[in-house]
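Below is one structure; the comments refer to it alone.
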Amino acid sequence: MPNLLPNLDKEHWKYSNVNAVLSKMEVAEASPVWEMTGAYEFIVPDSVCDVHLRIPKNKQVTAPIELKLAGKDGERLEARVVIEVEEGAEAIFIERQAGAGAYWKNISLSFKVGKNARVSYYRLCEEDPFCVVTEFVTADLARDARFNLVVVNGCSGFGRSEFTVNMDEAGAEADLAGLALLRGKQHGDTTVCVNHIAPHCKSSQFFKTILEDRSRGVYQGKIHVYKDAQKTDGYQLSNNLILSPLAEMDVKPELEIYADDVKCSHGTTTGELDETPMFYLMSRGIDEAAARHLLIEAFTGEITEKVEHDEVRALLEGRVKWWLK
Amino acid sequence: MLKIENLTASVEGKQILNGLTLEVPSGEVHAIMGPNGAGKSTLSYVLSGRDGYEVTGGSATLDGVDILSLDPSERAAAGLFLAFQYPVEIPGVPMTNFLKTAVNSIRKARGMDEMEALDFLKLLKSKQKELGILDEMMKRAVNVGFSGGEKKRNEVLQMAMLEPKFCILDETDSGLDIDALKIVADGVNKLRSPERSFLVITHYQRLLDYIVPDVVHILAAGKIVKSGGPELAKELEEKGYAELVA
C-alpha cells in the first residue's frame, strides 16, 4: 500500500509512525455505513460525503444526534462527514466508533459553526486494539460561535485524532477536552491546533492521557495566534499519568504568536500518581489498590465532568469505569 | 500503648532520629515539643509509614504489634491515626466518598461488616455538628478549597469517624487563630478516653493550654532529652530551647 499519510519526517507526525503500522495490514476499500439517530430531518443529499447534515438557522435540537460507524475485519473505510450548524442554531453530536478486528478507518469530520450557533461534540470509541483509526476533525467558527468537544479515546491499536479549530470571526469560543486511555501496546496520538485568526476569541485545550503497560501516548497542542488576533485568550493544559515503567508519553505544547495583545498559557505534567495523596488515603486505612483506583478515577473526572448533557456524561463515564476495572 | 525503643531513622540519607525512646500508656496525652529540625515531623512520618523515611534501628510497637513492618493502611487498621500538619488537597475525590471508604476499609480490616449508608450519614452528621462543619464542605473534594482552619477541623472529623486507638497530632495548631484552635482542641478533648492515647506534636506552648497533656517531652537533635509534667511546657516558653536543651 502506498504511503497515504505523512511520514515521520513531517514534524507533526514524528511521534506517530502510522505508515509502518498500515504497511503490516491487509485491508481492502469498503463503503462506510453510518448509523444515525435523530438526524433524519437534517440530512443533505451529497455525492461526495457519506454524511452531510445541516441544522437550519435558529433551530434548537435538544436530543443528541448520534453518528455511529462500525468497522469490520479487513476493511479500509474512507469516511467523510460534513456538519453545518447555521446561524443561531444549537445541536449536540455524539460520534461512536465501534467494530471488531483489524481495519483502518480514515475519517474526515468537518464542522461549520455559524454566527452565534452552539455545537457540543462528543466522541466515544468502543473498538478492539487491532484497528487503526485516523481521524481529522476541523471546525470553522463564525462570529460568536460556541464549540465544545469532549472525547474519550484509546481503544484502537493505533489512533490519531487531529483537531483543528479555526476561529475565523470575532467573539468565537472553543473548549476542547479529551481523555486517552491506553494499555497493552496501544498508540494514542492527539494533535490539536487552534488557529486564532480573528480577534477577541477564546480557546481552551485540556487533554489527559493514562498509560499502562507498554502503551505510547502523544499530545501535540498548538495555539496559533495570527497577527490581527488581538485580545486572544488561549489556554492549553496537558496532564498525563504513567502507570508502568515501560509506557511512554511525548508531549509538545506549542505557541506561535504574532499579535502583541494576547493572553496565552500552556502547561503540561507527566508522571506517576502523586505520593502525598496516596499516603494520605492509605494512612486512613484505604489499601494501596483502592487508593490508586480513587486517584485514577479522580484524574479522569476532571475531563468527564465537563460534559453538560447528563446522558452523554453517563455514557462517557461508563466507558471510563469499564476501562478502570 | 505505644512503645518506641532506640529508634533511629533517616530521610534522604541524613539521619534525623538518633535513638529515640518513648512510651505512651493508654489513656494518656503526651506532648512533644522541640526546635525546628529536631525530628518532630520525621517521628510522625516514621510512625505512620511514609515512603522515603527509612528506619535504621530500634523498634516501635502499638499494643505489642510491631507497626514498623506494616504499610500505612495496615497501621491505620491497627489503630494508628496521623493528623497531618499540611493536609493535602485531593481534587476529584469527594469528601463523603473518601470518608465512607476509609471507615469501611478499617471496619473490614477489623473483621466487622461495612456500615450501612444511612447509619454512616447519621454518624457523619452528628460528628460534623460537634465540629461546626457545614454540609456544603462535605460535598467538596478532599480538602479542596478548605481554609487552614477547615483543613485541621477536617482532620479531627476523620479522627472522630475512624475512632483510632493512637492519634498523632502533627503541629495541629500551626496556622490557626485562637477561635479555630479552640474548636480543634474541643474536638480532640471530646475524643480523650482511657482506651485512647494522643501524641501531640507542637511548636507552640499555647495549644497545651487547651489540650492539657499528662506528660511533656522535649525532642532535640533526634532524641527525647527531657520529660516532665505540663509545667515543663511553661518553663520551655519562658526559658527557650537553648537553655533547657543544653
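The values are calculated or read from the model by the stated rules, or taken from the named source; none is laboratory data. The structure presented is a predicted model; accordingly, all values stated were derived computationally and were not measured. Counting neighbours? That spans all protein chains shown, and the Cβs are built from the backbone with ideal geometry, glycine included. Quick note on the areas: whole protein, heavy atoms, side chains included, nothing else; ligands and nucleic acids left out. Shrake-Rupley method; radii C 1.70, N 1.55, O 1.52, S 1.80 Å.
Of all residues in the range A:120-142, none satisfies being modelled with pLDDT of 95 or more and at positive phi. For the range B:90-111, a tally of residues being in a loop (DSSP other than H, G, I, E, B) and either touching a helix residue (DSSP H, G or I) at 6+ places or on another chain (Cβ under 9 Å) or at the interface with chain A (Cβ under 8 Å from one of its Cβ atoms) (or both) returns 1. Of all the criteria given as (1) outside any strand (DSSP E or B); (2) within 19 Å of A:Lys202 (Cα to Cα), the one not satisfied by A:Cys155 is (2). If you go through the range B:136-151 and keep only what is in contact with a strand residue (DSSP E or B) (Cβ under 8 Å, 6 or more places away or on another chain) and of a type in the set (D, E, K, R), you end up with B:Lys139, B:Arg140. In this structure, does A:Ala259 turn out to be buried (at least 22 other Cβ atoms within 10 Å of the Cβ), in a loop (DSSP other than H, G, I, E, B) and either in contact with a strand residue (DSSP E or B) (Cβ under 9 Å, 6 or more places away or on another chain) or away from every other protein chain (no Cβ under 14 Å) (or both)? Spelling it out, it is not the case that A:Ala259 is buried (at least 22 other Cβ atoms within 10 Å of the Cβ), in a loop (DSSP other than H, G, I, E, B) and either in contact with a strand residue (DSSP E or B) (Cβ under 9 Å, 6 or more places away or on another chain) or away from every other protein chain (no Cβ under 14 Å) (or both).
The set of residues from the range B:191-241 being free of Cβ contacts under 8 Å to residues at least 40 places away in the same chain and more than 26 Å from B:Met159 (Cα to Cα) comprises B:Val225, B:Lys226, B:Ser227, B:Gly228, B:Glu231, B:Leu232, B:Lys234, B:Glu235, B:Glu237, B:Glu238, B:Lys239, B:Gly240.
From the residues in the range A:288-301 that are of a type outside the set (Asp, Glu) and under 21 Å from the mean Cα position of the chain (by Cα), which one is most open to solvent (accessible area, probe 1.4 Å)? Looking at the filtered set, the residue picked out is A:Phe299.
Among all residues of the range A:34-43, there is at least one that is of a type in the set (Phe, Trp, Tyr), over 28 Å from A:Cys155 (Cα atoms) and either surrounded by 15 or more Cβ atoms within 10 Å (Cβ to Cβ) or in contact with a strand residue (DSSP E or B) (Cβ under 6 Å, 6 or more places away or on another chain) (or both). Within the range B:79-89, if we keep just the residues that are of a type in the set (Phe, Trp, Tyr) and assigned to a loop (DSSP other than H, G, I, E, B), the residue that is farthest from the other protein chains (Cβ to nearest Cβ) turns out to be B:Tyr86. Based on what the data block shows, is B:Gln205 modelled with pLDDT under 90 and touching a strand residue (DSSP E or B) at 6+ places or on another chain (Cβ under 8 Å)? For B:Gln205, the condition - modelled with pLDDT under 90 and touching a strand residue (DSSP E or B) at 6+ places or on another chain (Cβ under 8 Å) - is met. Against the conditions (1) buried (at least 21 other Cβ atoms within 10 Å of the Cβ); (2) under 30 Å from A:Asn239 (Cβ atoms); (3) modelled with pLDDT under 95, B:Met33 satisfies every one except (2). The strands (runs of 3 or more DSSP E) found entirely in the range A:1-102 that carry 1 or more residues being touching a Pro at 6+ places or on another chain (Cβ under 9 Å) are A:34-37, A:51-55, A:65-72, A:75-85, A:90-100.
Have a look at B:Ala60, B:Ala76 and point out the one that is within 23 Å of B:Glu171 (Cβ to Cβ), assigned to a helix (DSSP H, G or I) and in contact (Cβ under 8 Å) with a residue 24 or more places away in the chain.
Working: B:Ala60 fails: assigned to a helix (DSSP H, G or I).
Going through B:Ala60, B:Ala76 in turn, just one is within 23 Å of B:Glu171 (Cβ to Cβ), assigned to a helix (DSSP H, G or I) and in contact (Cβ under 8 Å) with a residue 24 or more places away in the chain: B:Ala76.
What about A:Gly318, is it open to solvent by less than 70 Å² (accessible area, probe 1.4 Å), more than 30 Å from B:Ala78 (Cα to Cα), away from every other protein chain (no Cβ under 11 Å) and part of a helix (DSSP H, G or I)? Yes, satisfied.
Restricting the range A:302-313 to residues that are assigned to a helix (DSSP H, G or I), open to solvent by 20 Å² or more (accessible area, probe 1.4 Å) and in contact with a Pro (Cβ under 9 Å, 6 or more places away or on another chain), the residue that is farthest from the other protein chains (Cβ to nearest Cβ) is A:Glu311. Do you know which residues across the range B:133-177 are in contact with a Gly (Cβ under 6 Å, 6 or more places away or on another chain), surrounded by fewer than 18 Cβ atoms within 10 Å (Cβ to Cβ) and at pLDDT 90 or above? Matches in the range B:133-177: B:Lys165 only. Note on the range B:118-191: enclosed helices (runs of 4 or more DSSP H) holding 1 or more residues that are charged (D, E, K, R) and farther than 19 Å from B:Phe98 by Cβ are B:178-191.
Residues of the range A:150-165 that are out of contact with any Cys (no Cβ under 9 Å at 6 or more places or on another chain) and either over 15 Å from A:Leu124 (Cα atoms) or aliphatic (A, V, I, L, M) (or both): A:Val150 alone. Taking the stated definitions as given, is B:Gly39 away from every other protein chain (no Cβ under 12 Å), on the phi > 0 side of the Ramachandran plot, open to solvent by less than 30 Å² (accessible area, probe 1.4 Å) and touching a residue at least 60 places away in the same chain (Cβ under 8 Å)? Judged against the criteria, B:Gly39 is a match.
In the range A:273-287, of all residues being facing another protein chain (nearest Cβ under 7 Å) and part of a helix (DSSP H, G or I), the one that is surrounded by the most Cβ atoms within 10 Å (Cβ to Cβ) corresponds to A:Met282. Starting from residues that are among the charged types (D, E, K, R) and within 26 Å of A:Val192 (Cβ to Cβ), keep the ones in the range A:1-50 and report whichever is modelled with the lowest pLDDT. Looking at the filtered set, the residue picked out is A:Asp9.
May I ask you to verify whether A:Asp260 is in contact with a Ser or Thr (Cβ under 9 Å, 6 or more places away or on another chain) and farther than 30 Å from B:Leu47 by Cβ?
On the way: in contact with a Ser or Thr (Cβ under 9 Å, 6 or more places away or on another chain): no; farther than 30 Å from B:Leu47 by Cβ: yes.
The answer is no for A:Asp260.
Could you say whether any residue in the range A:125-134 is surrounded by fewer than 24 Cβ atoms within 10 Å (Cβ to Cβ), in a strand (DSSP E or B) and among the hydroxyl-bearing types (Ser, Thr, Tyr)? Yes; the residues of the range A:125-134 include at least one that is surrounded by fewer than 24 Cβ atoms within 10 Å (Cβ to Cβ), in a strand (DSSP E or B) and among the hydroxyl-bearing types (Ser, Thr, Tyr).
Select from the range B:61-76 the residues that are of a type outside the set (Val, Ile, Thr) and surrounded by fewer than 20 Cβ atoms within 10 Å (Cβ to Cβ) and write down the one among them that is farthest from the other protein chains (Cβ to nearest Cβ). Even if it seems obvious, please write down each step before you answer.
Of all residues in the range B:61-76, those of a type outside the set (Val, Ile, Thr) come to B:62-64, B:66, B:68-76.
Keeping just the survivors that are surrounded by fewer than 20 Cβ atoms within 10 Å (Cβ to Cβ) gives B:63-64, B:66, B:68-71, B:74.
Numbers: B:Asp63: 17, B:Gly64: 20, B:Asp66: 18, B:Leu68: 15, B:Ser69: 15, B:Leu70: 11, B:Asp71: 7, B:Glu74: 8 Å.
Per the stated criteria, the residue is B:Gly64.
Just name the residue that is most open to solvent (accessible area, probe 1.4 Å) out of those in the range A:90-123 that are of a type in the set (Ser, Thr, Tyr) and under 17 Å from the mean Cα position of the chain (by Cα). Among them, the one singled out is A:Ser108.
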